Each structure stands twice: as C-alpha cells, then as structure tokens.
Amino acid sequence: MKHRFSIRGWIAAACLSALVVGVVRADLQVLIADQDPSQQSFFTLDFGPFGGETTGFISNTRISLAIDVPQKRARIASYHQNVEALTLPGGLSTGAIVISIVPGTSSGEFEPQTGEFSTNEFYEIAFEGDLSAYGLFSPIFLPGASNGVIENGPNGRTISQAWIGTGQLNNPSNPKKPIVFDYTCEVHTIVSGQFAAGDMNCDGSVNGGDVDAFFVALVDPESYAAANPGCDVSVGDMTDDGLLNGADIDAFFACLAGNGCP
C-alpha cells in the first residue's frame with residue numbers, strides 16, 4: 001500500500017497539536033527594509049601600515065529585523081547585501097562581495113523608548129576574487145555585532161546600522177606577523193513594511209489566507225518570494241528562534257486556533 005503526502009492531512013494534524021501549543025510570539029513584529037538610495041552605505045577596511053584604507057560601496061541591502069517590544073529583544077531575521085570589490089594589501093581584489101546572515105544565529109536587545117538596538121550574529125561572506133594567498137576561500141563565516149536605531153524621518157521609517165571592529169589576515173610575506181585591520185560598515189535602509197509573525201501574505205492580518213503561503217515558504221522560499229513581493233519568510237518564524245521549520249507549524253496553527261494570534 002502506497003502512502004501519499006497530504007497537505008490537508010498535515011494541516012489537520014497541526015490544528016490538533018495547536019490545541020496544546022501555546023508558545024506563540026504574538027507580540028513579535030518583523031520590519032522589512034531596503035537600502036536608502038539617498039544616503040551612502042559603505043564597507044571600509046583600514047590596514048594601517050600594511051596598505052591604508054580601502055572602501056567598497058554597498059549597492060544593495062535588504063534586511064528583516066524582528067523586534068519584540070515587551071521583551072525588549074531584537075534580532076536580524078534575514079540579511080542580503082551586495083558590496084563592491086575591496087583592494088587588499090598586495091593589490092589583490094576581493095571581487096564583488098555578497099553578505100548574508102547565517103540563519104538562527106542572531107540575538108540582541110531593543111530599547112523601545114529610543115528605538116536603539118544591538119545584535120550579535122554570524123555572517124556568510126562570499127567573494128569572487130582569488131584570496132588563496134591569504135588562506136581565504138569563498139565563502140567565509142565570521143561573527144559580527146551591530147548597533148542601530150529605528151527612526152522616523154522625512155522619507156519614512158528608517159533603520160541605520162553600524163558594524164565596527166578589528167580582524168586579521170594571514171601575512172604571506174611574514175606568517176608570524178598577521179595583517180591586522182580595522183573595519184567599519186555603515187548601512188542605511190528604509191522600512192517598506194511592518195508585519196506580524198504569521199502574516200505570510202503581508203495583508204495586515206493572520207488568517208486562513210496565510211496557510212498556502214506558509215507551506216510554500218517552507219518548501220520553496222524562492223517561489224514564495226515571487227508570489228508575495230515585499231514579504232519575507234521570516235514572518236513565518238512564529239517561535240522567534242531564527243529558523244523556519246516544523247516547530248513554527250504548530251505555533252502557526254495555534255495562532256489560527258485563537259491561542260495568541262496577533
């Protein structure tokens with residue numbers, strides 16, 4: 001006897017389990033923002049005596065910032081950024097750079113009165129250039145810490161963020177003396193939407209219309225993005241753990257069943 005996968009069966013089972021699941025982040029909001037074209041966003045490395053400063057301007061940024069006002073928490077739910085090439089000591093170029101967040105690694109704090117927040121996470125950094133001389137192979141994974149603020153401006157609600165820190169590279173000419181550098185990344189974005197957790201079609205409410213979109217987001221995020229422009233799969237992260245998985249299914253149907261729906 002063959003067993004066939006059934007979306008209806010999955011939904012029915014999830015609805016039953018939702019009766020005993022009560023952990024739903026009803027107060028979680030997801031801010032989706034895109035790069036502000038009126039302000040420059042950039043990434044700068046300062047190698048000091050090893051080669052001075054090099055700057056790559058950021059051409060595109062899209063961020064989903066999840067904030068929980070009562071709990072005073074913030075985290076970056078998703079992040080995608082394109083950076084122009086940077087020149088490293090010795091004249092080597094990074095080539096075009098793409099930066100994204102490692103899902104589930106972000107956590108931080110939020111101050112509702114001022115709109116200020118801070119986060120810590122891991123980033124995946126992919127680059128086109130050959131940096132094997134420094135022992136680097138694309139992609140690399142690095143920790144990062146941001147400080148930012150959510151404000152109301154003349155162009156709408158904005159998110160400004162900065163990453164400041166130090167790092168080091170292998171020194172091909174003197175392996176015992178690493179190349180130490182300072183880095184600064186400054187990013188300005190404009191909020192295009194604020195959505196409640198579970199509002200998968202971004203229509204302002206969580207209801208039966210979000211069911212199909214939720215399951216598409218689980219199995220095919222690219223199709224979900226195409227069918228729901230302006231939304232982000234992070235609105236399905238009902239458990240606020242940075243991941244979209246089976247645990248969110250129970251929480252989602254708990255929401256639909258009236259157990260703390262936004």
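Only the coordinates and a few stated rules stand behind these numbers; no lab work does. These figures come from a predicted structure and were not determined experimentally. Here the Cβ positions follow ideal geometry from the backbone for every residue, glycine too, while neighbour counts run over all protein chains shown.
Using θ = phi - 60° and the Karplus curve 6.51 cos²θ - 1.76 cosθ + 1.60, what whole-Hz ³J(HN,Hα) does each residue of segment 110-119 get, with Gly and Pro shown as x?
Calculated HN-Hα couplings, in order: 9, 10, x, 5, 10, x, 7, 8, 9, 9 Hz.
In degrees, nearest 10, range 0 to 90: what is the angle between the Cα axis of helix 7-18 and the longest Cα principal axis of the chain?
90
Between residue 102 and residue 133, 0.36 nm times their residue separation minus their Cα-Cα distance comes to what?
So the extension gain works out to 8.6 nm.
Using helices alone, what [θ] at 222 nm do you get for the chain, with -39,500 (n - 2.57) per DSSP H run of 4 or more residues, divided over all residues and rounded to the nearest 500?
-4500 deg cm²/dmol
Name the residue from 249, 201, 88 whose Cα lies farthest towards the positive end of the charge dipole of the chain, charges +1 on Cβ of Lys and Arg and -1 on Cβ of Asp and Glu.
About the Cα centre, the residue reaching furthest to the positive side is 249.
Calculated FRET efficiency, residue 145 and residue 218, Cβ-Cβ r, R0 35 Å, to nearest 0.05?
0.70
Loop by DSSP (not H, G, I, E, B), at most 11 other beta-carbon atoms within 10 Å: where is the longest site-free stretch of the chain for trypsin sites (Lys or Arg not before Pro)?
5-175
If each residue of separation counts as 0.36 nm, what is the full-extension length gain between residue 194 and residue 168 once their alpha-carbon separation is subtracted?
Extending this stretch completely gives an extra 5.6 nm.
Subtract the Cα-Cα distance of residue 126 and residue 114 from 0.36 nm times their separation in residues, and report this length gain in nm to one decimal.
Full extension of this stretch gives 0.9 nm more.
Please list, by residue number, everything in segment 59-97 whose backbone N is under 16 Å from a paramagnetic label point 7 Å out along Cα→Cβ of residue 186.
Only 59 fall inside the zone, counting backbone N under 16 Å.
Rounded to the nearest 10 degrees, what's the angle between the helix 246-256 long axis and the longest principal axis of the chain, both from Cα atoms, 0 to 90?
Helix 246-256 sits at roughly 50 degrees to that axis.
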